[in-house]
């Protein structure tokens, strides 16, 4: 009988881990490596058993074939040498051969069965130990996974709390920003209203100043008109009155009495010009006066018509062209 012994040694080396994750990874890797080594060793053992069984069966078959050949040779030789051997001797020989073959077969099967049973028992024990180790590794791995899952949940919970606080802070900032914007908008609106009031006040003041300026211009023109009247320069009087008419027109309808006053003075001046020795006027003066009269509203149409009629009776001086 052949026996095979395959010792399997499992040594665990304790190493102080740097942290829980690295310790778990190292232990798992060592266990997996040892399991792989044991499985590889079992594969080699199975291969050896298969080779041994194949070799043993081949030997049995060869032995049986050899014994059968010898038996056939003996039978043929006995038949050839003595065809008259007693039937009893033949039966005895056959029985002996069959007994011998049976003994050989039983012995071979018994040896093979013992070896196979022993190896199967050894393999079964090893497999039980491997299965137990695998279960322990799985249990440890499940515990590690459970702790990791709990840690992940705690991290997620902490992250959610931080996100909630950040969201609340963002809302407070937005609320503060909205309040500041509303305050700025309110102040800007007040400033705009104040600025509009100032602009309106300035426009009113400018209008008053403009009216005052025109009044002052009209007064100065009236003074100038009096000066030319004293000097007796009629055409300069008409020019000054025309300028005064333009100033009165700028004042608008609220100061229509000034327009009437200036028109009366223009009419008087033209009547004096007609009664003079030389009732003529320069073309520029006539055109300027007509332009101012035509710009008046229809309210003054009667007086304007009278003045234009007088202008038609006045002779316009011819402009001398230089050759």
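Please work out the FRET efficiency for the pair residue 117 and residue 32, using the Cβ-Cβ distance as r and a Förster radius of 35 Å; give the result to the nearest 0.05.
It comes out at approximately 0.70.
Sticking with the crude label model, points 7 Å out along Cα→Cβ, report the distance from residue 192 to residue 264 in nm, one decimal please.
5.2
Evaluate the distance, in nm, between pseudo-label points positioned 7 Å from the Cα of residue 75 and of residue 40 along their respective Cα→Cβ axes.
5.4
Readers should treat all values here as calculations from the given coordinates under stated rules, not as data from a laboratory. Note that this is a predicted model, so its numbers are computed, not measured. Backbone-built Cβ (ideal geometry, glycine too); neighbour counts: all protein chains shown.
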